[in-house]
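Here is the structure we will look at, set down as structure tokens.
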Amino acid sequence: MTEPLRIAVAGLGTVGAGTLRLLDQNAVAIAARSGRGISVAAVCARDKGRDRGIDLSPYQWFDDPVAMAREADADVVVELIGGAEGTALETVKAALSQGRSVVTANKALLAHHGTALARLAEDRGCTIAYEAAVAGGIPIIKGLREGLAGNRISRVYGILNGTCNYILTQMSAAGGGANAGPVQDFADVLADAQRLGYAEADPSFDVDGVDTAHKLAILTALAFGCEVDFDSVYVEGIRNVSALDVAYAEELGYCIKLLGVAQQVNGAVEQRVHPCMVRKGRPIASVDGVFNAVVADGDFVDTTMYEGRGAGAGPTASAVVADLIDLARGTAPPVFGIASTQLRQLPTLPMERHTCAYYLRLLVLDKPGVIADVSAVLRDADISMESMLQRGRAEGEGEPVPVIIMTHETSEASMQAALARIAALDATLEPPQLIRIVDF
């Protein structure tokens, strides 16, 4: 009889405990699908005495995950510690150096060290599996690396952070239905998300776009066969999206989503994370709440979309165990789809060269000549207006009013230069708000 795959699990938080629970509850189905059992040999966490709702007595306990990665009687180390540096990095390096494959949910680690770790794994004859690192329970890594392996991928984009998608959905939910109420502002919805456990006490990684950027850097390397280059990702979060923006987007036939977008443009790679105006009726516009979605465009398959829960104990544990089943079967494709020695260093398209249409929200004094001054700035920057919207008049001349401008396609460099000039006008009362409009 084939020996079981022996694993050592570093980190017994929500995902780690969920993984052990899944392995136990679905052991028979897992063994049938992998052709052998999966046996937990050792575990490691910071607090041995904490009640996790699972029996840890059958497993060897380690206080030090790095020591466990070196010494445990295991074929695979499951790293669920988190973080790009420190203990997580040293644990993965120790496991790979011993020729043990690694399964991880650690997107930050791969975004910062993915290329080097892939080379180390290849040198030691093992691999890194990371389905759980991007979009939780959605099998997007296998989808890109295996299901779409025959295609040239031109673009991959999506909603990669459930916290941001929940916040933006809740901000817009009040404006979209028979029982709609007043649109809520960002701070109020964030507080509600924290109360419900959808957002961390410090939500910066989520709402500032960093978590999405980590995942996008991984998808970029996998889609385009290039080295992981997190430092080249343009990152902008959702803190500046206001209730006014959400209301105007609804009125104009759009919704606002935080998207991560990677595409090849004339041989260069563009990677960007920022709020986007997405036209209602597009498939990704209907992805709401804590759900994630990823879209990949291939030359033969055309457009494919993958949707599901992007976080949580169950979906993430599901992805971890799927990787373990692959390893138990003896399936170990290259980390980023091709040998690490073939990963290319592709030129980066800087954000200032990006082109799109734009939504602008200005808060200006309601007095004669202001719109003419704004129009002159846009004209001088060679930016064409598609439409302008102003609801009502101020109670008296010289009072503030919001003005919404939709532009035709122009360059980021031209738009940023124009915004700087508009912000400097005497009639402008706060920094202009910009949201990019996507055409997919």
Can you give the three extents of the C-alpha atoms in region 287-440 along their principal axes, from longest to shortest, in whole Å?
-> 74, 36, 27
Counting only protein heavy atoms and using a 1.4 Å probe, what share of the accessible area of region 1-137 belongs to carbon plus sulfur, as a whole percent?
-> 44
In µm²/s, what is D for region 264-323 at 20 °C and 1.002 mPa s, where D = kT/(6 pi eta Rh) by Stokes-Einstein and Rh is the Kirkwood radius from Cα pairs?
-> 150
Which is farthest toward the positive dipole end of the chain among A32, N266, L324, measuring Cα position about the Cα centre, with Cβ charges +1 (Lys, Arg) and -1 (Asp, Glu)?
-> A32
Counting alpha carbon pairs within less than 8 Å and at least 6 residues apart, what relative contact order, in whole percent, applies to region 14-84?
-> 31
If you wrap a convex hull around the C-alpha atoms of region 15-174 and split its volume per residue, what is the figure in Å³?
-> 178
Cα-based Debye curve of region 219-320 sampled at q = 0.20 Å⁻¹ gives log₁₀ I(q)/I(0) of -1.27
On the accessible surface of region 262-328, probed at 1.4 Å, how many percent belong to carbon and sulfur atoms?
-> 51
Hand me the tally of lysine pairs in the chain: alpha carbons under 18 angstrom apart, and the pair either on different chains or 8 or more positions apart.
-> 6
Per residue and in cubic angstrom, what volume does the convex hull of the Cα atoms of the chain have?
-> 156
Mean accessible surface per residue for the chain, computed with a 1.4 Å probe while every protein chain stays in place, in Å² | 43
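The values are calculated or read from the model by the stated rules, or taken from the named source; none is laboratory data. Since we're looking at a predicted model, the values are computed, not measured. A quick note on method: Cβ atoms are made from the backbone with ideal geometry, for glycine too, and the neighbour counts reach across all protein chains shown. SASA here: full protein model, heavy atoms, side chains in, ligands and nucleic acids out. Shrake-Rupley method; radii C 1.70, N 1.55, O 1.52, S 1.80 Å.
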